[in-house]
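Presented below is the structure to which this report refers.
The values are calculated or read from the model by the stated rules, or taken from the named source; none is laboratory data. Remember, it's a predicted structure, so these values are computed and weren't measured experimentally. Virtual Cβ from ideal backbone geometry, glycine too; neighbours counted across all protein chains shown. All accessible areas refer to the heavy atoms of the entire protein, side chains included, with ligands and DNA or RNA removed. Shrake-Rupley method; radii C 1.70, N 1.55, O 1.52, S 1.80 Å.
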Amino acid sequence: MIDIEPLYTIEAIATGAGRNGHVQSADGRVSEDLAIPVEMGGTGKGANPEELFAAGYAACFHSALQMVAREAKKKLGDSSVGARVSIGKAGEGFGLAVALEVVVPDLPHDEAQELADKAHQVCPYSNATRGNIRVDVTVVDD
């Protein structure tokens, strides 16, 4: 386990029926009704934990990418990061997998992939998931 010196802490609470309940952050900025996805037998008429995780991972990874690009004195241009989160059976329970798709139109593919690989080493979400779930980082041409 890695000890950290917290720079920011936020709390959230889940109420109701779990995946068919409600989540809200302590500051009220995140407040979402949840629903099980149709693919998993639910109504799909609300957000789900995988969507929230995908959004958070994409934003965090994009920040890490921008940081390593600044350090390398590279310009990313109109870059973006997409996160595709999958949930499925894993042994007796369930597991997650993530595919990160990085678009850096202003750099050659190899340079962009090198920056994406470096971002994967510093991103807090990548560090939290490393060794626990499969995370594939791929630079794609727009």
Inset, instruction - Being open to solvent by less than 40 Å² (accessible area, probe 1.4 Å) and touching a helix residue (DSSP H, G or I) at 6+ places or on another chain (Cβ under 6 Å) narrows it down to one of Val103, Val68, Val122, so name that one. - result: Val68
Inset, instruction - Looking at (1) open to solvent by 70 Å² or more (accessible area, probe 1.4 Å); (2) more than 21 Å from Val98 (Cβ to Cβ), find the lone condition where Glu39 falls short. - result: (2)
Inset, instruction - Test Asp110 against the stated conditions and say whether it is open to solvent by 70 Å² or more (accessible area, probe 1.4 Å) and at pLDDT below 95. - result: no
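Here's the yes/no breakdown for (1) open to solvent by 50 Å² or more (accessible area, probe 1.4 Å); (2) farther than 22 Å from Gln121 by Cβ; (3) in a helix (DSSP H, G or I):
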position	(1), (2), (3)
Gln24	yes, yes, no
Thr43	yes, yes, no
Glu51	yes, yes, yes
Cys60	no, no, yes
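Tell me which residues, restricted to the range 84-142, are aromatic (Phe, Trp, Tyr) and not in a strand (DSSP E or B). Please lay out each step first, then the result.
Keep residues of the range 84-142 that are aromatic (Phe, Trp, Tyr), which gives 94, 125.
Selection gives Tyr125 alone.
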